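Structure first, commentary second.
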Amino acid sequence: MSNGPFAISKSPKPLHPYVMWMVLLAAGGAFALSLGVRNTMGLYLSSLNTATGLGVASISLAFAFGQLWWGLTQPFAGAVADRIGAGRVIVTGLILIAIGTVITPYMTTTLGLIFSIGVLGAGGAGMAGPSVLMAASTRLMPASKRGISIGIVNAGGSFGQFAIAPVSIALTASIGWASSMQWMGLLVLLALPAAWLLRGNANAMASAAATAAGTRVLSTREVLALALKTPSYLLLAVGFLVCGFHVAFLATHLPGVVEACGMSPTIAGWALALVGLFNMFGSLAMGWAVGRWRMKSLLSLLYTVRGLGVLVFVLAPKTPAVMLIFAALMGLTFLSTVPPTVGLVAKMFGPANMAMLYGVLMLGHQLGGFLGAFLGGQVFALTGGYDWVWYMDLALAAAAALIHLPIREAPLARSVRPAAA
């Protein structure tokens with residue numbers, strides 16, 4: 001505890017190893033199902049286009065709106081979870097994902113797809129998404145374990161993409177795309193038991209520690225105002241926007257990229273699966289590295305590797321082997337930005353408002369995601385290919401690598417001593 005006017009909340013008491021692994025399994029498993037189902041929706045884009053005749057650009061608008069709505073829900077879902085508990089928010093989110101996914105095959109208009117994919121499915125995924133799940137696990141972990149715990153939860157999301165994409169392809173081949181998509185919606189309900197293990201809220205824990213120390217935890221409004229006046233937090237938000245552009249473009253249009261290169265849908269499915277598989281390794285490696293190197297340097301390295309990977313892919317011949325190697329390389333950096341990003345937020349502001357503060361960053365991430373999904377469809381409609389999107393991605397990756405260098409890794413005020421009466 002500091003001796004000045006500001007005091008730092010204590011870390012939670014160490015959990016029994018069995019309980020710690022149960023918490024990580026619950027958060028990682030829920031993320032696997034919610035992210036896995038959501039990120040395989042791109043596999044149905046061509047079928048939706050054939051069934052509705054709306055065109056790739058119009059359907060991409062629904063996916064792009066989903067990227068934006070997923071981000072918009074997360075600060076609010078995080079603020080609610082910080083106060084009433086993560087469990088209720090997660091349950092609500094999972095049910096919305098299921099409903100949105102099940103009704104999508106019945107949607108025949110752009111507005112209908114925006115409602116099912118963009119509002120219900122994406123909104124539910126935001127409520128049962130990374131800001132709530134990672135904050136719920138982070139508040140239960142001691143500071144020394146937070147980096148690797150975030151990496152494990154993030155790897156769970158990657159495993160979901162790796163495991164669910166082939167299941168989606170197999171179901172589509174056997175029962176058709178519409179029934180396959182509906183089974184994906186029901187599959188996400190398997191995550192409901194995780195909500196019970198992740199119940200509770202971070203603010204109650206921080207308030208108890210602050211009361212014992214004779215301090216007051218900063219309110220949501222105070223913490224948000226502090227964050228928005230902190231240059232390092234704003235730089236982190238800009239960099240995360242670039243990450244969103246890249247991730248959403250790949251998740252939505254990688255199957256289209258494969259098709260444009262004259263390859264079979266099977267290659268598209270395996271490419272998405274490899275993105276998920278290798279992001280598991282990337283996430284775990286980043287979780288391990290967070291406690292050993294400066295997090296801003298790790299982020300700059302990730303964006304540099306990502307940019308170099310795109311450059312090589314643009315210049316290389318488009319063969320199935322090149323496509324799968326590229327997918328594996330992109331997987332290493334796909335969501336590996338999350339452990340150092342969450343780690344920086346926790347280091348600067350503590351766990352009390354983690355879900356809300358990370359949710360704000362996710363909003364920026366999804367603004368980039370909206371642009372990645374939307375511009376991918378627009379560029380393809382105008383040019384018949386995706387080359388100009390790759391050029392934009394290269395420029396953004398270079399900018400993001402530089403943006404993170406000035407970030408200061410230092411704790412900020414998390415609680416304040418009340419004024420004397």
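Identify, from the list ALA206, ALA202, the residue that is at pLDDT below 80 and touching a Pro at 6+ places or on another chain (Cβ under 6 Å).
Numbers: ALA206 fails: touching a Pro at 6+ places or on another chain (Cβ under 6 Å).
One residue alone meets the criteria, ALA202.
Residue pairs, Cβ under 6 Å, 6 or more apart or interchain, first in the range 296-319 and touching a residue at least 60 places away in the same chain (Cβ under 8 Å) and closer than 16 Å to VAL389 by Cβ, second of a type in the set (Phe, Trp, Tyr) and buried (at least 16 other Cβ atoms within 10 Å of the Cβ). List them.
VAL310/TRP390; PHE313/PHE326; VAL314/TRP390
Just to check your reading of the model, which residue among LEU308, LEU324 is over 29 Å from SER232 (Cα atoms), at pLDDT 85 or above, open to solvent by 20 Å² or more (accessible area, probe 1.4 Å) and assigned to a helix (DSSP H, G or I)?
On the way: LEU308 fails: over 29 Å from SER232 (Cα atoms).
Selected residue: LEU324, the only one of LEU308, LEU324 that is over 29 Å from SER232 (Cα atoms), at pLDDT 85 or above, open to solvent by 20 Å² or more (accessible area, probe 1.4 Å) and assigned to a helix (DSSP H, G or I).
In the range 224-275, how many residues are over 20 Å from ILE407 (Cβ atoms) and not aliphatic (A, V, I, L, M)? Please lay out each step first, then the result.
Residues of the range 224-275 over 20 Å from ILE407 (Cβ atoms): 247-275.
Remaining after also requiring not aliphatic (A, V, I, L, M): 249, 252-253, 255-256, 259, 261-262, 264-266, 269-270.
Number satisfying all stated conditions: 13.
Note down all Cβ pairs under 6 Å where the first residue falls in the range 76-90 and is touching a residue at least 40 places away in the same chain (Cβ under 8 Å) and assigned to a helix (DSSP H, G or I), the second is polar (S, T, N, Q) and open to solvent by 10 Å² or more (accessible area, probe 1.4 Å), and they're at least six residues apart or on different chains.
ALA79/THR220; ASP82/ASN201; ASP82/ASN203; ARG83/ASN201; ARG83/ASN203
Filter the range 334-381 down to the residues that are of a type in the set (Val, Ile, Thr) and either part of a loop (DSSP other than H, G, I, E, B) or open to solvent by less than 10 Å² (accessible area, probe 1.4 Å) (or both) and list them by number. Break it down into steps so the answer makes sense when it comes.
Of all residues in the range 334-381, those of a type in the set (Val, Ile, Thr) come to 337-338, 341-342, 345, 360, 379.
Result: THR337, VAL338, THR341, VAL342, VAL345.
Quickly run through the range 60-93 and pick out the residues that are surrounded by 24 or more Cβ atoms within 10 Å (Cβ to Cβ) and among the aliphatic types (A, V, I, L, M).
Hits for the range 60-93 are ALA62, ALA64, ALA77, ALA81, ALA86, VAL89, ILE90.
Within the range 128-149, can you find the residues that are modelled with pLDDT under 75, assigned to a loop (DSSP other than H, G, I, E, B) and either open to solvent by less than 10 Å² (accessible area, probe 1.4 Å) or closer than 18 Å to LEU361 by Cβ (or both)?
ARG139, MET141
When you check ILE114 against the structure, is it among the aliphatic types (A, V, I, L, M), open to solvent by 20 Å² or more (accessible area, probe 1.4 Å) and either out of contact with any Ser or Thr (no Cβ under 7 Å at 6 or more places or on another chain) or on the phi > 0 side of the Ramachandran plot (or both), yes or no?
Values: among the aliphatic types (A, V, I, L, M): yes; open to solvent by 20 Å² or more (accessible area, probe 1.4 Å): yes; either out of contact with any Ser or Thr (no Cβ under 7 Å at 6 or more places or on another chain) or on the phi > 0 side of the Ramachandran plot (or both): yes.
Judged against the criteria, ILE114 is a match.
Return the total of residues in the range 255-285 being under 17 Å from the mean Cα position of the chain (by Cα), surrounded by fewer than 24 Cβ atoms within 10 Å (Cβ to Cβ) and hydroxyl-bearing (Ser, Thr, Tyr).
The number of residues fulfilling the criteria is 0.
Residue check: is THR252 surrounded by fewer than 24 Cβ atoms within 10 Å (Cβ to Cβ) and modelled with pLDDT under 85?
So THR252 does not fit the description; no.
Restricting to the range 382-421, give me the number of residues that are modelled with pLDDT of 90 or more, part of a loop (DSSP other than H, G, I, E, B) and surrounded by fewer than 16 Cβ atoms within 10 Å (Cβ to Cβ).
2
The values are calculated or read from the model by the stated rules, or taken from the named source; none is laboratory data. Treat the numbers as computed from the prediction; the structure is a model and nothing was measured. A quick note on method: Cβ atoms are made from the backbone with ideal geometry, for glycine too, and the neighbour counts reach across all protein chains shown. For accessibility, only protein heavy atoms count, side chains too; no ligands or nucleic acids. Shrake-Rupley method; radii C 1.70, N 1.55, O 1.52, S 1.80 Å.
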